[in-house]
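Notes follow once the structure below has been shown.
The values are calculated or read from the model by the stated rules, or taken from the named source; none is laboratory data. Only a predicted model underlies this, so the values are computations on that prediction, with no experimental measurement involved. Virtual Cβ from ideal backbone geometry, glycine too; neighbours counted across all protein chains shown.
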Amino acid sequence: MAILIDTYNLLFAAAAMKGALSDLSMRRLCQFIVSSPNRVKTTLVIDGRPKPEEPSENEFPDLHLIYSGAGIKADTIIAQLVARSRAPANLTVVSNDRAVANQARSYRAKSISCEAYLNALLTAHSAGAKLARSATRLPTKKTHGSPDPAETNHWLKVFDQPTDPATPKPKKPKTDEDIDTLDMKDLMGF
């Protein structure tokens, strides 16, 4: 499956949707698509020529960015890509432009609205984040309750601490002789 996006059409739809994607830029759209847990070959078809603030294809090698060029609409490029496809039934065109959607469907490609695509991306990100949170969650035994007394005593012995935490371990007073016998190289690990 592959996706062809009428990019400026999608960005305008995102702004109209309000919410989390209302200030979606071309670069943020690319980041959002690339970071989606549902990886699908995606081509962004963009009107005109590249602008300085827009990402280059090198910045997002997993995406295919196609600029229509001067005087040619992205709609025309999308129609050509669908018509030249060997398997148009495996293409999904994302656009709110009825002419683009109808042209895609005439070649048996699927067509979805920009809002449907953005909502699917949001849902995929939300599900992916929920899965990641549950995968990194520590077992309850590690985060709640008190440890087993035998386990506590074991670790107190490992760290040479008294087994009764209320009784502090007496410290051996340092004498001038002790300090004079210290070898700085041994202390520093040389």
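Restricting to segment 62-75, name every residue that is in contact with a helix residue (DSSP H, G or I) (Cβ under 9 Å, 6 or more places away or on another chain) and outside any strand (DSSP E or B). Those that are in contact with a helix residue (DSSP H, G or I) (Cβ under 9 Å, 6 or more places away or on another chain) and outside any strand (DSSP E or B): Asp62, Ser68, Ala74, Asp75. Within the span defined as segment 16-36, every residue fails to be closer than 16 Å to Ile78 by Cβ, in the same structural domain as Gln80 (by TED's automatic domain parsing) and either surrounded by 12 or more Cβ atoms within 10 Å (Cβ to Cβ) or not hydroxyl-bearing (Ser, Thr, Tyr) (or both). The C-beta contact set for segment 67-84 (first residue within 14 Å of Thr7 (Cβ to Cβ) and among the basic types (Lys, Arg), second residue modelled with pLDDT of 90 or more and in a loop (DSSP other than H, G, I, E, B), distance under 9 angstrom, 6+ apart or interchain) comprises Lys73/Asp47.
Please tell me if Arg86 is of a type in the set (D, E, K, R) and either assigned to a helix (DSSP H, G or I) or within 24 Å of His125 (Cα to Cα) (or both). No; evaluated as a whole, the condition is false for this residue. Within segment 37-61, restricting attention to residues that are touching a helix residue (DSSP H, G or I) at 6+ places or on another chain (Cβ under 6 Å) and loosely packed, with under 14 Cβ neighbours inside 10 Å, the residue that is nearest to Leu4 (Cα to Cα) is Asn38. Summed over segment 136-162, the residues that are modelled with pLDDT of 70 or more and hydroxyl-bearing (Ser, Thr, Tyr) give a count of 1. Taking residues in segment 40-65 that are closer than 20 Å to Ile78 by Cα, and partners anywhere that are assigned to a strand (DSSP E or B) and among the polar types (S, T, N, Q), the pairs with Cβ atoms closer than 7 Å and at least 6 places apart or on different chains are Leu63/Thr42; His64/Thr43. Exactly one residue out of Thr92, Thr123 is outside any helix (DSSP H, G or I), under 28 Å from the mean Cα position of the chain (by Cα) and at pLDDT 85 or above: that is Thr92. Counting residues in segment 178-185 that are charged (D, E, K, R), exposed (fewer than 10 other Cβ atoms within 10 Å of the Cβ), modelled with pLDDT under 85 and under 27 Å from Ala20 (Cβ atoms) gives zero.
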